[in-house]
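Step one of this worksheet: look at the structure below.
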Amino acid sequence: MVERRLSGLPASPGLAFGPAAIFRAIGEATRAKGPVASERQTLADAVAAALEAVTALAGSLEGEAADIVGFQIALLDDDALTESAYAAIERGEPAETAWRQAMAEEIGGYENSDDPYFRARSADLADIRDRVLRHILGLPELTQAKTGSVIVGEDLSPSAFLGIDWSQGGGIVLGAGSPSSHVAMLARGRGVPMVVGIGPDWRSVFGVIVVDGAAGTVVTGPSPDSVAKARSQAGALGAARARAEARMGEPALTRDGTPVAVMINVAGMADVAGFPVAACDGIGLTRTEFLVEQALRDEALQYELYAQLLGWAAGRPVTIRTLDAGGDKPIPGYTIAGESNPFLGLRGIRLSLRHPDVFRIQLRALARAAALGPLKIMLPMVTAPHELEQTRALLEDVVGELLTEGGACALPALGIMVEVPAAAMAVDAFDAAFFSIGSNDLTQYATAASRDGSEVAPYADVLHPGVLAMIARVAAHGAASGREVSLCGDAGGDPRLIAALLRAGLRTLSVSPGLLAVTKAAIREVELAAPGPAA
Ligand code: PEP
Ligand code: MG
């Protein structure tokens, strides 16, 4: 086989070396149609296979996840679900079209329900639809990818990423995608090497490949020489990482002795499994849209999840961000479907204030958990001071309600993300207890370069003087007003950007747990007084 080198964009550093597992999105894929009897059998076999797969999954799950799978099993087991699909097959439709149409009706019914519980269940139905479709069309399920293999496809959703077992290594190569997308962020957090934006060439990738996530390159059909080089590079990377990890527990001081606090970003307890809590200064960001997506109305479960994080942090601050749904993090039944530009639409706090019923549940769970330790509430996508004040009023109201009920609770510190340029420029208009700069969104909005678009990724530059000036402005406001300013976007964990961020005045960073060691190592290299990119 001839060696071929493909270039894309670096999205998550590290070297992966393994067999390509091609992941094709289902889209409108079709197959050759057979006689009616065989189409009927194809659908029956696919439903049976999907039922078998979810039943096998059920054994290993607990709590909310077990409920979801239980719901899916019950649906797949119910003939009512397949009735109209079989009727369409009798009318001459191929199995995949019949199934798509039947499920579209079913999903539409759930999406239009007045009951938010059923609206939220529409995502579970879509999952069943896709499982069955994969069997009909002969497309492999992502979870069947051999562990350690490199997932290759057009794009990958955050939920698909979370469904893959990365414990044996592996990597990701995408035709589309962007280094600042949420799936790239998850990959960096888990240390999964990732290259995005290689274009249509992803379709021709097969066999064993070498992925260099830092250089943004993919080598197919690698020669023995390339394999040897990849092995020695992986060894060098591993050694540098080991050196950084050996000092992970030490505080991070710049060369000239300025201390920098380093906290971690999490999306749930799975992110801190095995992580030494003493190595970090607390949790600077908890993304709850992944954590409570299936528990929007379940106060008890949310309380439990927040309490677990506080328990883990053992007295260190735990910053929990209220739901930041929308943009590239849709929650079916909650976010608005079909927005022409979701990143500029109803997301984050805008959506929470539109759904006070759901928002109150989250605030109640947070105020109750705040009785257990230093929990801080952080609001995403804040644009105007009235959003902070409206939330403060709601929070005070739920705390009053909880006190009347006689339950334990506390009024947590209320801070905001600074990720909308207008808020950064007018930061002193916000009476927030603390500020955390969301450099991912701040950069996409300030540079007019969508965080999920590979074509415009080079424009989304945190080192752009316009972006650095906003970061410096927020840091200066924090220093002058005595309020903590941190940065929890991905830039904080990028060794190439850390010097500029510290020179802009930041003294607290919050990064993926997997990047804490390299972040501290990069901080130790910074000479604050030395000339360099400044704001
Ligand atoms: C950010 O925008 O930098 C941020 C931390 O939030 P998210 O990536 O979840 O949008
Ligand atoms: Mg953001």
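Distant-in-sequence amide contacts of LEU156, defined by a placed amide H-H separation under 5 Å and a gap of 5 or more residues or a different chain, comprise nothing. Can you work out the PRE-style zone for SER204? Point 7 Å along Cα to Cβ, and I want the residues of segment 155-197 with backbone N under 17 Å. Hits in segment 155-197 for SER204 at 17 Å: 174-176, 197.
Descending by average beta-carbon neighbour count within 10 Å, the peptides 512-518, 432-438 line up as 432-438, 512-518, the highest first. Beta bridges assigned by DSSP with both partners in the chain are antiparallel in approximately 35 percent of cases. Distant-in-sequence amide contacts of VAL196, defined by a placed amide H-H separation under 5 Å and a gap of 5 or more residues or a different chain, comprise LEU9, ALA11, LEU174.
Measuring nothing but how far apart in sequence close Cα pairs (under 8 Å, 6+ apart) lie, relative to its length, the chain scores a relative contact order of 16 percent.
The Cα center of segment 427-446 and the Cα center of segment 471-535 differ in position by 14 Å.
From its DSSP helices (H runs of at least four residues, each -39,500 (n - 2.57)), the chain gives a residue-normalised ellipticity at 222 nm of -13500 deg cm²/dmol. Converting phi to 3J(HN,Hα) with the Karplus coefficients 6.51, -1.76 and 1.60 and the offset θ = phi - 60°, segment 12-20 yields 7, x, x, 10, 10, 9, x, x, 6 Hz in sequence order, with x at every glycine or proline. Taking 7 Å steps out from each Cα toward its Cβ at ARG255 and ALA215 produces label points 2.8 nm apart.
Straight-line reach from LYS376: taking Cα to Cα under 13 Å and skipping same-chain neighbours fewer than 8 places apart, the aspartates and glutamates in range are GLU484. A simple spin-label model places pseudo-atoms 7 Å from Cα toward Cβ; at LEU403 and ALA300 they are separated by 2.7 nm.
When each of the peptides 295-302, 338-345, 492-499 is scored by the mean number of other C-beta atoms lying within 10 Å of its residues, the order from highest to lowest reads 492-499, 295-302, 338-345. Our coupling estimate for segment 202-219, obtained by passing each phi through the Karplus curve with A = 6.51, B = -1.76, C = 1.60 and θ = phi - 60°, is 4, 5, 9, 7, 7, x, 7, 10, 10, 10, 10, x, 7, 8, x, 10, 10, 10 Hz, Gly and Pro reported as x. Compute the Cα gyration tensor for segment 247-524, then decide on rounded, prolate or oblate, letting a ≥ b ≥ c be the square roots of its eigenvalues: rounded whenever a/c is under 1.5, prolate when a/b is larger than b/c in the other cases, and oblate in all that remain. Because a/c hits 1.5 or more and a/b fails to exceed b/c, segment 247-524 counts as oblate. Compute the distance from the alpha-carbon center of segment 10-50 to that of segment 249-270, in whole Å. Here the two parts' Cα centres lie 43 Å apart. I need the shape label for the chain. Rule: rounded when a/c is under 1.5, else prolate if a/b > b/c, else oblate, with a, b, c from the alpha carbon gyration tensor. Verdict is oblate for the chain. Farthest towards the positive end of the charge dipole of the chain, among the residues MET417, PRO332, GLY493, is the Cα of GLY493, using unit charges on the Cβ of Lys, Arg, Asp and Glu. Here the simple spin-label model places points 7 Å from the Cα toward Cβ, and for ALA422 and GLU3 these points are separated by 5.4 nm. Once backbone amide H atoms are built at 1.01 Å from N, ILE437 has VAL418, SER486, LEU487, CYS488 as its partners under 5 Å, excluding neighbours fewer than 5 places away on the same chain.
Students often forget the sequence filter, so: which aspartates and glutamates lie under 14 Å Cα-Cα from LYS229 once same-chain residues fewer than 8 apart are removed? Partners within reach: GLU3, ASP212.
Values in this text are rule-based calculations from the coordinates and carry no lab data. Every value quoted in this text rests on a predicted model; they were computed, and no experiment measured them. FYI the Cβ positions are ideal-geometry reconstructions off the backbone, even for glycines, and counts take in every protein chain you see.
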